[in-house]
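Step one of this worksheet: look at the structure below.
The values are calculated or read from the model by the stated rules, or taken from the named source; none is laboratory data. It should be emphasised that the depicted structure is a prediction, and the values quoted were computed from it without experimental measurement. Quick reminder, even Gly has a Cβ in these numbers, built from the backbone with ideal geometry, and neighbours come from all protein chains shown. Surface areas here come from the heavy atoms of the whole protein model, side chains and all, with no ligands, DNA or RNA. Shrake-Rupley method; radii C 1.70, N 1.55, O 1.52, S 1.80 Å.
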Amino acid sequence: MDDLNKVVITGMGAVSPYGTGVKPLWEGLVSGANCIHTVPELEALPMVNTKVAATVPAMDYSFIPRKYRRSMSRMGLYAYCAAQEALHQAGYEVSPENLGFFMGSTLNSISVWLELTSYSQGAHLELIKTSDFLQIMNHSPLAGVCQALKINGPAMGGSEACATGLMNMGLGFMAIRSGLISQALCGGTEEYHPMFSACFDIMQATSKNSNDCPERACRPFDQSRTGLVVAEGCGLVFMESKKSALERGVPILAEVLGFYANTETENMAYPSAETLKKCMQGALQQAHIQAQEVDLLNAHATGTIAGDIAETQAAQAVFGSALKINSLKGHLGHTMGASGTLESIACVNMMAHQQIVPTKNLQQVDEQCASLQYPTHTLEAPLNIIMKNSFAIGGNNCSLLLRRPQ
């Protein structure tokens with residue numbers, strides 16, 4: 001590939017359980033600060049085993065003009081903040097012409113949906129406002145941010161549950177590399193509702209033995225793990241051709257080397273190691289990278305029993321036992337549609353600082369997880385290439401390769 005046609009990241013924006021901004025996200029991860037807490041609505045439901053989640057701290061969004069804010073659900077507000085931060089870091093005060101926008105979520109706003117349902121059940125449909133409908137369209141956050149920030153290029157969003165953020169980074173990567181556009185905002189957004197926790201609990205996928213100690217609730221790879229912790233947030237990256245970045249004279253934060261996606265067809269809820277192996281191999285082949293060149297695998301690893309085992313076994317088959325692997329779900333919880341991008345942002349920072357954030361709460365690796373290198377403390381290490389995985393209920397898998405600026 002022509003060097004100038006390569007795809008690079010020049011801006012990042014984040015809203016996470018650590019707060020608004022990439023800086024609070026990175027500082028929270030490095031310090032190992034706890035952001036997981038008990039949820040009163042879950043405590044009031046005796047049939048739901050999990051009682052914890054990780055939510056975005058309260059914030060005043062009145063700085064967003066009301067004419068745009070009124071049609072935004074919480075996840076739309078998160079997306080606005082993340083988009084604005086990513087644009088500013090990329091060197092823009094206003095959106096550039098023909099900027100692409102690839103963003104989605106697992107579901108639209110459950111809170112608004114339930115409010116509208118209550119109106120219909122009580123025969124009070126006259127209470128429904130136009131702005132309510134504008135908040136519950138599947139692409140509401142995407143459309144709302146486009147209106148508010150005047151993004152006029154192609155705007156579309158894949159919705160692949162927990163793989164949404166990384167899938168949309170992949171879509172942006174392919175669109176830029178193909179020449180459809182030269183710049184794009186890419187990622188995912190999500191807002192928490194107790195229903196998410198309840199649904200995962202029904203599937204026996206949630207953490208349930210640390211309700212009295214929330215900071216220990218999510219333990220990826222650990223032999224005592226019992227499941228995931230649902231979280232929320234938004235991650236967006238500004239991607240562009242290397243030619244565009246060099247012409248504008250802006251710092252390059254990372255290069256996107258390659259992307260691959262496949263689908264598990266045997267089970268919608270549990271990926272197989274074989275399918276995950278093919279996904280990671282596909283990304284390596286697309287990037288023309290050898291397995292031994294990858295310095296770290298930032299795993300999807302949510303802390304579920306089957307998921308962690310399948311992913312580590314697949315990773316060992318691809319990379320061998322010398323591979324360093326970590327997960328950030330013990331810190332953040334599982335931010336679902338936002339997770340792939342928020343964790344990619346963390347990967348860019350790990351490369352910038354040459355520092356591996358350890359898997360939080362990992363004390364003893366499950367013997368069924370493959371024999372890999374699992375850092376349990378902050379590790380200074382040369383990081384040139386990182387692979388990021390995201391896998392979703394429904395069978396959607398994707399792997400993306402990031403490289404430190406050369």
(1) under 26 Å from HIS37 (Cβ atoms); (2) buried (at least 19 other Cβ atoms within 10 Å of the Cβ) all hold for LYS388 apart from (1)
Problem set entry | Meets criteria (within 30 Å of GLY170 (Cα to Cα) and either touching a helix residue (DSSP H, G or I) at 6+ places or on another chain (Cβ under 6 Å) or free of Cβ contacts under 8 Å to residues at least 12 places away in the same chain (or both)) for GLY11 | yes
Within region 133-183, residues being within 15 Å of MET75 (Cα to Cα) and not in a helix (DSSP H, G or I) number 5
Checked region 241-260 for anything over 14 Å from SER182 (Cα atoms) and either open to solvent by 40 Å² or more (accessible area, probe 1.4 Å) or of a type in the set (S, T, N, Q) (or both); matches are GLY249, PRO251, ILE252, LEU253, TYR260
Examine region 261-271 for a residue that is among the acidic types (Asp, Glu), surrounded by 19 or more Cβ atoms within 10 Å (Cβ to Cβ) and either free of Cβ contacts under 8 Å to residues at least 12 places away in the same chain or farther than 23 Å from ILE345 by Cβ (or both), and state whether such a residue exists. yes
Subset of region 298-307, residues surrounded by 19 or more Cβ atoms within 10 Å (Cβ to Cβ) and farther than 24 Å from VAL348 by Cβ, comes to THR304, GLY307
Going through (1) open to solvent by less than 40 Å² (accessible area, probe 1.4 Å); (2) closer than 30 Å to GLU247 by Cβ; (3) at pLDDT 95 or above one by one, TYR61 fails only at (2)
If we ask which residues in region 51-94 are closer than 12 Å to VAL145 by Cβ and over 23 Å from the mean Cα position of the chain (by Cα), their number turns out to be 4
Of GLU41, GLU27, the only residue that is farther than 25 Å from GLN147 by Cβ and free of Cβ contacts under 8 Å to residues at least 60 places away in the same chain is GLU27
Has region 367-385 got any residue that is under 27 Å from VAL237 (Cα atoms), crowded, with 19+ Cβ neighbours inside 10 Å, at pLDDT 95 or above and not aliphatic (A, V, I, L, M)? no
Looking across region 202-221 at residues that are at pLDDT 95 or above and not in a loop (DSSP other than H, G, I, E, B), the single one that is least open to solvent (accessible area, probe 1.4 Å) is THR206
Note: among SER73, SER111, just one is open to solvent by less than 30 Å² (accessible area, probe 1.4 Å), modelled with pLDDT under 95 and under 19 Å from THR335 (Cβ atoms), namely SER73
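Table: residues versus (1) farther than 27 Å from CYS35 by Cα; (2) free of Cβ contacts under 8 Å to residues at least 24 places away in the same chain; (3) touching an Asp or Glu at 6+ places or on another chain (Cβ under 9 Å); (4) open to solvent by 10 Å² or more (accessible area, probe 1.4 Å).
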residue	(1), (2), (3), (4)
LYS278	yes, yes, no, yes
ALA291	yes, no, no, yes
LEU296	no, no, no, no
GLU311	no, no, no, no
LEU332	no, no, yes, no
ALA338	no, no, yes, no
